[in-house]
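Down below is the structure, laid out as structure tokens.
Please treat every number below as a calculation from the coordinates, not as lab data. Bear in mind that the values here come from a model prediction, so they are computed numbers and not experimental data. No Cβ is skipped: glycine too gets one built from the backbone with ideal geometry, and neighbour counts run over all protein chains shown.
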């Protein structure tokens, strides 16, 4: 899995690409989120548009990252979910946990509210 990071209007955007599976990506996400929180960043956006597959460990990494961010007083949101990821979050009822957005612009506006 590949992670590219950028900052837009004070929001750390992590562009993820590849697979989020056990041993490949799950730990990377958790560590990167912890690093951002340690640096004082409290607004985090995960762009999942280029994620091709997520397994249960990958879902666990997203949930763990969300929980850690909330505990630290931050916000973690998801954007550009593929149909497969939307279906997976709907089946597992996690769609009700995460704030999800179709476009980055829409999501960035939500942080300012």
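Distance between the modelled labels on residue 87 and residue 52, one decimal in nanometres: 1.7 nm (7 Å Cα→Cβ projection).
Of interest is the spacing of the C-alpha centroids, which for region 41-113 and region 1-27 amounts to 11 Å.
The Rg/Rh ratio of region 47-113, with Rg taken over Cα atoms and Rh as the Kirkwood radius over Cα pairs, comes to 0.95.
Can you compute the label reach from residue 63? Point 7 Å from Cα along the Cβ direction, backbone N cut-off under 19 Å, restricted to region 1-33. Residues 20-31, 33 fall inside that zone. With contacts taken as Cα pairs under 8 Å and at least 6 residues apart, the chain reaches a relative contact order of 24 percent.
Considering region 2-107, its Cα convex hull presents a mean projected area of 5.8 nm².
Distance between the pseudo-spin-label points of residue 17 and residue 110 (7 Å out from Cα toward the beta carbon): 2.4 nm.
The calculated FRET efficiency for the pair residue 102 and residue 38, based on their C-beta separation and a Förster distance of 22 Å, comes to about 0.15.
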